[in-house]
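Everything below concerns the one structure shown next.
Values quoted throughout were computed directly from the atomic coordinates according to the rules given, and no laboratory measurement underlies them. Values in this document were obtained by computation on a predicted structure and should not be read as measured data. Note that each Cβ is placed from the backbone with ideal geometry, even for glycine, and that neighbours are counted across all protein chains shown.
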Amino acid sequence: MTIPVMRPWIGEEEAAAAAAAVRSGWVAQGPRVAEFEAAFADSIGVAHAVAVSSCTAALHLALLAAGIGPGDEVVVPSLSFIATANAVRYVGAEPVFADVDEATQNLVPGTVAPQLTERTRAVVLVDQAGVPADLDAMRALCEPRGITVVEDAACAVGSVYRGRPVGAGAAIAAFSFHPRKLLTTGEGGMVVTPDAEAAARMRRLREHGMDVSAAQRHASQQPVIERYLETGFNYRMTDVQAAIGLVQLGKLDQLIARRRVLAERYHRVLSALPGLATITDPAYGTTNYQGFWVLLPPDFPVGRN
Ligand SMILES: *Cc1c(COP(=O)(O)O)cnc(C)c1O
């Protein structure tokens, strides 16, 4: 029997939505991306959502929007996907690794505080495997010191932190729509923020640094001469991806409910194995079960690998 680590839940509805985008003739970033951004922002309860080509791109833009650059240190978890640390390198800053808490596998103030220096400008707080990190506790440690907390919520779409969707309370948070995560657009990402200025800058940066989007230029009756205010990137999501994302977003609650039922079964069966610790909801929220991890005690008869 083969158990895939992840199988995306995509079907005829997504195929039809993608086909409709293709038939519309508008396949690059356009009206469906704008619609997906609005629906995603609404689902999180945050003012601004900026769609991009991946969560890695989202993290890069988030760090730029937070003003991180050469000479700065950024604390990241020692347990994460490499993109968390790579994004720090993209802006020329230095990743500094902090350990994670055993119960949640996430950074906590106790592991981050010893790594803070005069040069620390940001902490990237990861919601590992979908388990929400304690954002308020990290902000309370960091913000009085002028340190920005960027939430790497790549795995955590639909997870809940203190009664609100993960991302709702963050200064800036990045999500992934890679098929390894829960909600997929093939490849894709989203960065959310309550800060209008940061959102506007990230919109420019994802589109070559242009001060007018291609969609706005297309819609105008007059020739629009754009300006390039700073060195940007091509981090755009396509309308084909956004069409799939809109369908996926509509299925998210159902998808998480199903995962929580399956997780109950794993918990029940695995609790028969002595010494094994399993992923659980923290006291302040719920995981979307993007992953289901187990922690093996040192004397366990089977090794991790
Ligand atoms: C998957 C993942 C990323 C990268 O997401 P992409 O959309 O593949 O770029 C970043 N951070 C974490 C914690 C992840 O799990």
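Key figures
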{"quantity": "Leu125 long-range amide H proximity, modeled H, under 5 Å", "calculated": "Val150, Glu151, Asp152"}
{"quantity": "Additional length obtainable on full extension of the chain from Ala38 to Arg23, 0.36 nm per residue less Cα span", "calculated": "3.1 nm"}
{"quantity": "Lys/Arg +1, Asp/Glu -1 at C-beta; the range 12-251 dipole; positive extreme among Val124, Cys55, Tyr161", "calculated": "Cys55"}
{"quantity": "Nearest 10 degrees, 0 to 90: helix 196-206 Cα axis against the chain principal axis", "calculated": "80 degrees"}
{"quantity": "For peptides 37-43, 191-197, 20-26, sequence by mean Cβ density within 10 Å, most packed first", "calculated": "191-197, 37-43, 20-26"}
{"quantity": "Under Karplus coefficients 6.51, -1.76 and 1.60, residue-wise ³J(HN,Hα) of the range 84-95 in Hz, glycine/proline x", "calculated": "4, 6, 4, 4, 5, 5, 4, 8, x, 8, 10, x"}
{"quantity": "When the convex hull of its Cα atoms is projected in every direction, mean area for the range 64-133 (nm²)", "calculated": "4.5 nm²"}
{"quantity": "Principal axes of the range 132-243: Cα extent on each, largest first, Å", "calculated": "50, 35, 22"}
{"quantity": "Segment Leu229-Phe300, length gained on full extension (0.36 nm per residue, minus Cα span)", "calculated": "19.8 nm"}
{"quantity": "Table column - 3J(HN,Hα) (Hz), the range 178-194, Karplus curve with 6.51, -1.76, 1.60, x for Gly and Pro", "calculated": "5, x, 6, 9, 7, 9, 10, 10, x, 10, x, x, 8, 10, 10, 7, x"}
{"quantity": "Crossing angle, helix 55-65 versus the chain [Cα axis fit, 0-90 degrees, rounded to tens]", "calculated": "70 degrees"}
{"quantity": "The range 59-185: radius of gyration and largest Cα-Cα distance (Dmax), Å", "calculated": "13.3, 40"}
{"quantity": "Beta bridges by DSSP in the range 12-251, antiparallel share as percent, to the nearest 5", "calculated": "45 percent"}
{"quantity": "For peptides 214-227, 274-287, 241-254, 100-113, sequence by mean Cβ density within 10 Å, most packed first", "calculated": "241-254, 100-113, 274-287, 214-227"}
{"quantity": "Dipole magnitude (debye, nearest 20) for the range 12-251, charges at Cβ of Lys, Arg, Asp, Glu", "calculated": "480 debye"}
{"quantity": "Derived scalar couplings ³J(HN,Hα) [the range 142-152; Karplus, 6.51 cos²θ - 1.76 cosθ + 1.60; whole Hz; x for Gly, Pro]", "calculated": "8, 5, x, 8, x, 9, 7, 9, 9, 8, 8"}
{"quantity": "Globularity ratio of the range 193-302, using Cα Rg and 2.2 N^0.38 Å", "calculated": "1.77"}
{"quantity": "Using alpha-carbon coordinates, inclination of helix 31-44 to the longest axis of the chain, degrees", "calculated": "40 degrees"}
{"quantity": "Cα Rg over Rh - the chain, Kirkwood", "calculated": "0.99"}
{"quantity": "Mean shadow area of the range 167-228, taken as a quarter of the surface of its Cα convex hull (nm²)", "calculated": "5.6 nm²"}
{"quantity": "Long-range HN-HN contacts of Gly189 with modeled amide H, under 5 Å", "calculated": "Val52, Ser53, Ser54, Phe177"}
